[in-house]
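Written below as structure tokens is the structure these notes are about.
The values are calculated or read from the model by the stated rules, or taken from the named source; none is laboratory data. All of these numbers come straight from a predicted model, not from anything done at the bench. So basically every Cβ, Gly included, is an ideal-geometry build from the backbone, and we count neighbours across all protein chains shown. What goes into the accessible areas is simple: the full protein's heavy atoms, side chains included, and nothing from ligands, DNA or RNA. Shrake-Rupley method; radii C 1.70, N 1.55, O 1.52, S 1.80 Å.
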Amino acid sequence: MGGVKLYGSPMSTCTARVLLCLEEVGAEYELVPVSTLTGEQKSPAHLARNPFGQIPALEDGDLMLFESRAISRYVLRKYQASGADLLKEENFAESALVDVWLEAEAQQYNPAIQPIIFQFFVVPKRFGVSPDQAIIDSSLEKLKKMLEVYEVRLSKSKYLAGDFFSLADLSHFPYTKYFMATPYASVFESYPHVKAWWDDITSRPAFKKVAASMHGS
Amino acid sequence: MGIKVYGLTKTTNVARVLISLEEVGADYEVVPVDFATGEHKSQSHLTRNPFGQVPAFQDDNDVMLFESRAISRYILRKYKSDLLREDDIKEAALVDVWVDVEYGQYNAPASAICYNVIVKPMHGEEVDQQVVDTNLEKLKKVLEVYEARLSQYKYLAGDFISFADLSHVPCTYYLMLTQYKSVFDSYPHVKAWWEAIMARPSIKKVFDIMSA
């Protein structure tokens, strides 16, 4: 048997989040394609894995999980012996900061950046119309406010939860990677510590590997 | 010094933290933050929560946290509560799944309804019935999934109560104060689940605090 099954698409941001974790810990896994282009995520077979009809889902024996950040925690805990410690659960104060900045990613950063990605990449393909520039512009303003906070934080510590790389940093990658392929990428130039953090985390081997499959076929 | 929670107890995200504190029986102090005077954007508050929101949290050992779900995890771990199930990797994962479902699926439609029906009238603003109706349909789709889940298990993560269930309390408390509470009547397992949660002493106490 060995290994876990990840149902999703490598181009999907949330699938990429889990792929990064699997790569960081060196886990054995199989990526089982579920195509959102054909609506496969709403098929009965996939609804049995994720009742909300979304990707990814992760199967490990009789355990079926969904929600990419929850899956990520599981993967990082399960393979902790591999040496990659991205949750810091042995250290009470550090693990709390990982949780704080993972929540910040989900609750603050993501709502600001996600509409930009949706408008720029998904809307033209799915609906055949131009992106709504008003939505992009207002999201960019929100994103800048987020980046101001991040700039202050990353002036004080090398990574978000402290001077150690963690799931909190990793979780920002997928959407930011797509953002960097938009004309708005230069926004990051105004935040030198954020830019340095981004350059650092994207130099990790796991990130290079997953990035390649995100822009793939 | 002791534990300090910064914010107002009526706020859902502040109440979430109070639930964890009451569950573990910790002593704590609530320090109000006055939004009317812009205190949430003051320098002193921004050092506690750089996003200028509530809650913020401070513990004895200089731990300063924000984001209510992160604060809750910290409290539950510190006091070795079983609500995270961290002794069992599979159970802990299922707790994490349904905590994220609460934020990712349930919270948006439920709080949109509450905001329109409770908060807007308080500020003399008109209820946007279209927004309410759209979110009601979304909420029903979510409750269908919950009904199926809670037909299989007593609670969301399994046959054990967890932080995933309790994380739903603040928003649902407000939803149940509106006419839309009747939507739960169509989902008997969800209704029974809510009634079981409401019967917990810690939850009753937090309801008293929220309504004070």
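For region A:191-217, filtering for residues that are under 15 Å from A:GLU23 (Cβ atoms) and in a helix (DSSP H, G or I) leaves 11.
Within region A:134-190, the set of residues being open to solvent by less than 70 Å² (accessible area, probe 1.4 Å), outside any helix (DSSP H, G or I), farther than 30 Å from A:TYR74 by Cβ and out of contact with any Leu (no Cβ under 9 Å at 6 or more places or on another chain) comprises A:THR182 only.
To keep it simple, each residue is scored yes or no on (1) farther than 20 Å from A:PHE92 by Cα; (2) surrounded by fewer than 23 Cβ atoms within 10 Å (Cβ to Cβ); (3) not aromatic (Phe, Trp, Tyr).
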{"position": "B:GLY2", "(1), (2), (3)": "no, yes, yes"}
{"position": "B:ALA15", "(1), (2), (3)": "yes, no, yes"}
{"position": "B:GLY38", "(1), (2), (3)": "yes, yes, yes"}
{"position": "B:LYS41", "(1), (2), (3)": "yes, yes, yes"}
{"position": "B:ASP59", "(1), (2), (3)": "no, yes, yes"}
{"position": "B:SER72", "(1), (2), (3)": "no, no, yes"}
{"position": "B:LYS78", "(1), (2), (3)": "no, yes, yes"}
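When restricted to residues that are under 24 Å from A:MET214 (Cβ atoms), out of contact with any Lys or Arg (no Cβ under 9 Å at 6 or more places or on another chain) and polar (S, T, N, Q), region A:151-190 contains 3. Filtered by the rule that a residue be among the β-branched types (Val, Ile, Thr) and open to solvent by 20 Å² or more (accessible area, probe 1.4 Å), region A:48-94 gives a lone residue, A:ILE55. Looking at region B:139-189, which of the residues that are of a type in the set (Gly, Ala, Ser) and touching a residue at least 40 places away in the same chain (Cβ under 8 Å) is nearest to B:ARG85 (Cα to Cα)? Out of the qualifying residues, it is B:SER162. Filtered by the rule that a residue be touching a Lys or Arg at 6+ places or on another chain (Cβ under 6 Å) and open to solvent by less than 60 Å² (accessible area, probe 1.4 Å), region B:17-36 gives B:GLU22, B:VAL31. Listed by first and then second residue, the pairs with beta-carbon distance under 8 Å, at least 6 apart or on different chains, first residue in region A:24-41 and in contact (Cβ under 8 Å) with a residue 24 or more places away in the chain and aromatic (Phe, Trp, Tyr), second crowded, with 16+ Cβ neighbours inside 10 Å and outside any strand (DSSP E or B), are A:TYR29/A:LEU22. Within region A:125-133, identify whether any single residue is among the β-branched types (Val, Ile, Thr), in a loop (DSSP other than H, G, I, E, B) and open to solvent by 10 Å² or more (accessible area, probe 1.4 Å), and answer yes or no. Yes: one or more hits. Has region B:198-207 got at least one residue that is open to solvent by less than 80 Å² (accessible area, probe 1.4 Å), within 14 Å of chain A (Cβ to nearest Cβ) and at pLDDT 95 or above? Checking region B:198-207: not a single residue is open to solvent by less than 80 Å² (accessible area, probe 1.4 Å), within 14 Å of chain A (Cβ to nearest Cβ) and at pLDDT 95 or above. Scanning region B:12-32 turns up no residue that is closer than 22 Å to B:SER111 by Cα, polar (S, T, N, Q) and touching a strand residue (DSSP E or B) at 6+ places or on another chain (Cβ under 9 Å).
Among residues of region A:64-86 that are more than 17 Å from A:TYR159 (Cβ to Cβ) and at the interface with another protein chain (Cβ under 7 Å from one of its Cβ atoms), those with a Cβ under 7 angstrom from a residue that is among the aromatic types (Phe, Trp, Tyr) and buried (at least 18 other Cβ atoms within 10 Å of the Cβ), sequence gap 6+ or separate chain, pair up as A:LEU65/A:TYR74.
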